[in-house]
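Accompanying notes for the structure given below.
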Amino acid sequence: MKYRSVFDIIGPVMVGPSSSHTAGAARIGRVARHLFGTLPDKVTIYLYGSFAKTYKGHGTDIALVGGLLDFDTFDDRIVKALTLAEEMGMEVTFHEEAVEMEHPNTARLVLEKGDEKLEVVGVSIGGGKIEITELNGYTLRLSGNQPAIFVVHRDQYGAIAKVADVLAKHEINISYMEVSRRAKGRTALMVIETDQTVSQSICEEIKHLPGMLNVVTLD
Amino acid sequence: MFRTVAELLQIAETEKIPISEVMIRMEIEESGRSREDIMEQMGRNLEVMEKAVERGINENIRSRSGLTGGDAKLIQKYMESGKTLSGDTLLDAVSKAVSTNEVNAAMGKICATPTAGSAGVVPGVLFGLKPKLNPSREAMIRFLFTAGAFGFVVANNASISGAAGGCQAEVGSATGMAAAAAVEMAGGTPEQSAHAMAIALKNMLGLICDPVAGLVEVPCVMRNAMGAAQAIVAADIALAGVKSVIPCDEVIEAMHVVGRRMPTIYKETAEGGLAATPTGRRLAEKIFGSQTSSGR
């Protein structure tokens, strides 16, 4: 089931005008920011389909940048995101792409700071809900029907076991998992799809394990 | 966890609890959060809705495109004349639905129910019925859980996205949700809620999503207005004891099939319907023409 919470239906609280083109866009930006872990110096955004055609009218550009600045969908500062990004030293460029993607509301975000680089493809599927379909060029085979978490961690032995241990303790079953890293011994990423919802408190618990840098949920 | 309206009704009837309570218990179970926490979050959503309703009625709202704004105030002013044809409750709900969508179009803060484009119907009906039913704050929060329960079934079995299912999936779903919730708040049974949802949604089948210039403004604001009116009338019909011949789940499935077979020009692409009228096209050119020249 795609929707698992009443707050997917009565919610999110958001600045308008469109749950898919504004709130969903803000969420894609924010997930990218959390996966990157810090404010990027430079972001290149490629817009596809309906995002490319109507982004100005819906404030999709503003919302994506707001998300990159770590603003939630309901944060009034989203409206001023473009100005704030400039003030905070984040350079953003937009490209309208003509390529047809599988879903009409797709954005590719490339975040950079020094030699750190992260590429994220996000899709806004309706009602403010999003899916991440690609990370650093790897296609994620998430079903989209299950809760998913992303764990950014130091690339060292035992990391996967520690995370799996916490999930097992809370009786959360892993249905799908992917691990990737940019270079040996540096930062790595776990993408975990689960049968049960992973609550914020469990995410916090994982985050506080040694070697964990960030935990991002897709709710 | 319930997947269908039939399952939802069955739980409500066996446990002898209202629909809102079924939804609350499922949320507790699924999320692992406490009842207080969940009720508090819905309470905050309620406050966002109330603020948006108040803003649209009291402030001078205008969207960036200039297409919408000020109509909620106009309707409220007309109500003061005492000469309304459809009556104060209905028009109050209509104006509050309009108010919410006008605030949304102006990049104001709203609560999506189930989407931003259809955010006016549920609060419009709720705050429109408030003077008449005088509900407690808890009853108002429960209204949102009941609406959410029906929306949850639609979202998982059909769609709540205009791009996937047309306006019937957005304003249609919202109208059914609001009708069902209005029944519970007025003291009706879970079964009557389901009939109200079915009756409301039946009359939204086939409704296309044809936004002028691709913006969530025209005809979205007025569609929400009429959605609120239909929701209240559907609730009244169900409360009177009228039953929908086609069961609610089958209406939802019909909506799903209609949405899938609907041509893409009628699914949020702004290529058909009102968006493709001479006026619609002229407005699109005017709005995007000027935005492009000032763009990056």
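The values are calculated or read from the model by the stated rules, or taken from the named source; none is laboratory data. The shown structure was predicted, so the numbers you read here are calculated from the model rather than taken from an experiment. Virtual Cβ from ideal backbone geometry, glycine too; neighbours counted across all protein chains shown.
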First in the range A:126-143 and within 11 Å of residue A:27 (Cβ to Cβ) and in the same structural domain as residue A:194 (by TED's automatic domain parsing), second anywhere and of a type in the set (Val, Ile, Thr) and modelled with pLDDT of 85 or more, Cβ under 9 Å, 6 or more apart: none
Give the residue that is farthest from residue A:43 (Cα to Cα), with candidates limited to residues of the range A:53-97 that are outside any loop (DSSP other than H, G, I, E, B) and among the small types (Gly, Ala, Ser). A:57
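Name the single residue, out of those in the range B:276-296 being within 14 Å of chain A (Cβ to nearest Cβ) and loosely packed, with under 13 Cβ neighbours inside 10 Å, that is modelled with the highest pLDDT. Don't jump to the end; show me each part of the working.
Filtering the range B:276-296 for residues within 14 Å of chain A (Cβ to nearest Cβ) gives B:280, B:283-296.
Those still in the list that are loosely packed, with under 13 Cβ neighbours inside 10 Å too: B:285, B:289-290, B:292-296.
Values: B:285: 91, B:289: 67, B:290: 50, B:292: 41, B:293: 33, B:294: 33, B:295: 33, B:296: 31.
Out of the qualifying residues, it is B:285.
Only one residue in B:158, B:164, B:178 is among the hydrophobic types (A, V, I, L, M, F, W, C) and surrounded by fewer than 24 Cβ atoms within 10 Å (Cβ to Cβ). Which one?
Numbers: B:158 fails: surrounded by fewer than 24 Cβ atoms within 10 Å (Cβ to Cβ); B:178 fails: surrounded by fewer than 24 Cβ atoms within 10 Å (Cβ to Cβ).
Checking each option against the conditions leaves just B:164.
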Do the conditions hold for residue B:177, that is, is it within 14 Å of chain A (Cβ to nearest Cβ) and out of contact with any strand residue (DSSP E or B) (no Cβ under 8 Å at 6 or more places or on another chain)? yes
Across the range B:56-74, what is the number of residues that are free of Cβ contacts under 8 Å to residues at least 40 places away in the same chain and hydrophobic (A, V, I, L, M, F, W, C)? 2
With a cut-off of at least 3 residues that are touching a strand residue (DSSP E or B) at 6+ places or on another chain (Cβ under 9 Å) and charged (D, E, K, R), name the strands (runs of 3 or more DSSP E) lying wholly within the range A:121-181. none
Output for the range B:51-64, where each listed residue is crowded, with 18+ Cβ neighbours inside 10 Å, more than 10 Å from every other protein chain (Cβ to nearest Cβ) and either charged (D, E, K, R) or in a helix (DSSP H, G or I) (or both): B:53, B:55, B:56, B:57
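Taking the criterion of being touching a Lys or Arg at 6+ places or on another chain (Cβ under 8 Å), at pLDDT 95 or above and either of a type in the set (Ser, Thr, Tyr) or farther than 29 Å from residue B:188 by Cβ (or both), would at least one residue in the range B:73-94 satisfy it? Give the derivation first.
Let us first name the residues in the range B:73-94 that are touching a Lys or Arg at 6+ places or on another chain (Cβ under 8 Å), namely B:89.
Right, trim to at pLDDT 95 or above and you get B:89.
Remaining after also requiring either of a type in the set (Ser, Thr, Tyr) or farther than 29 Å from residue B:188 by Cβ (or both): B:89.
Among the residues of the range B:73-94, at least one is touching a Lys or Arg at 6+ places or on another chain (Cβ under 8 Å), at pLDDT 95 or above and either of a type in the set (Ser, Thr, Tyr) or farther than 29 Å from residue B:188 by Cβ (or both), which makes the answer yes.
Can you confirm whether residue B:118 is away from every other protein chain (no Cβ under 11 Å), over 30 Å from residue A:170 (Cα atoms) and in a loop (DSSP other than H, G, I, E, B)? Steps first, answer last, please.
Working: away from every other protein chain (no Cβ under 11 Å): no; over 30 Å from residue A:170 (Cα atoms): yes; in a loop (DSSP other than H, G, I, E, B): yes.
Against the criterion (away from every other protein chain (no Cβ under 11 Å), over 30 Å from residue A:170 (Cα atoms) and in a loop (DSSP other than H, G, I, E, B)), residue B:118 does not qualify.
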Based on what the data block shows, is residue B:192 assigned to a helix (DSSP H, G or I) and surrounded by fewer than 24 Cβ atoms within 10 Å (Cβ to Cβ)? yes
Looking for something at pLDDT 95 or above, under 25 Å from residue B:129 (Cα atoms) and out of contact with any strand residue (DSSP E or B) (no Cβ under 9 Å at 6 or more places or on another chain) - is there at least one such residue anywhere in the range B:153-160? yes
With in contact (Cβ under 8 Å) with a residue 40 or more places away in the chain and either of a type in the set (Lys, Arg) or within 15 Å of residue B:161 (Cα to Cα) (or both) as the only criterion, which of A:52, A:32, A:23 stands out? A:23
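Could you tell me how many of the residues in the range A:150-165 are among the aliphatic types (A, V, I, L, M) and either modelled with pLDDT under 90 or surrounded by fewer than 17 Cβ atoms within 10 Å (Cβ to Cβ) (or both)?
Initially, the range A:150-165 is screened for residues among the aliphatic types (A, V, I, L, M), giving A:151-152, A:159-161, A:163-164.
After this cut, where a residue has to be either modelled with pLDDT under 90 or surrounded by fewer than 17 Cβ atoms within 10 Å (Cβ to Cβ) (or both) as well, the list is A:152, A:160-161, A:164.
Number of matching residues: 4.
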Which residue out of A:93, A:44, A:106 is at pLDDT below 95 and either in contact with a strand residue (DSSP E or B) (Cβ under 8 Å, 6 or more places away or on another chain) or not assigned by TED's automatic domain parsing to the domain that holds residue A:128 (or both)? A:106
Given (1) touching a residue at least 24 places away in the same chain (Cβ under 8 Å); (2) within 14 Å of another protein chain (Cβ to nearest Cβ); (3) over 30 Å from residue B:220 (Cα atoms); (4) not in a loop (DSSP other than H, G, I, E, B), residue B:2 misses just (4)
All-but-one check, residue B:217 against (1) under 30 Å from residue B:62 (Cα atoms); (2) not in a loop (DSSP other than H, G, I, E, B), failing number (2)
Which condition number does residue A:155 fail, the rest of (1) in contact (Cβ under 8 Å) with a residue 60 or more places away in the chain; (2) over 13 Å from the mean Cα position of the chain (by Cα) being met? (1)
Given (1) within 14 Å of the chain's Cα centre (by Cα); (2) facing chain B (nearest Cβ under 7 Å); (3) surrounded by fewer than 24 Cβ atoms within 10 Å (Cβ to Cβ), identify the lone condition not met by residue A:53. (1)
Would the range B:149-162 turn up any residue that is in contact with a helix residue (DSSP H, G or I) (Cβ under 7 Å, 6 or more places away or on another chain) and either hydroxyl-bearing (Ser, Thr, Tyr) or on the phi > 0 side of the Ramachandran plot (or both)? yes
Subset tally (residues that are buried (at least 24 other Cβ atoms within 10 Å of the Cβ) and part of a helix (DSSP H, G or I)) for the range B:253-275: 3
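Inspect the range B:65-75 for any residue being within 14 Å of chain A (Cβ to nearest Cβ) and either within 17 Å of the chain's Cα centre (by Cα) or at positive phi (or both) and give the result as yes or no. Write out each step before concluding.
Taking the range B:65-75 and keeping what is within 14 Å of chain A (Cβ to nearest Cβ), we get B:65-69.
Remaining after also requiring either within 17 Å of the chain's Cα centre (by Cα) or at positive phi (or both): B:66, B:69.
Looking through the range B:65-75, at least one residue is within 14 Å of chain A (Cβ to nearest Cβ) and either within 17 Å of the chain's Cα centre (by Cα) or at positive phi (or both).
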Starting from residues that are among the β-branched types (Val, Ile, Thr) and in a strand (DSSP E or B), keep the ones in the range A:98-120 and report whichever is surrounded by the fewest Cβ atoms within 10 Å (Cβ to Cβ). A:110
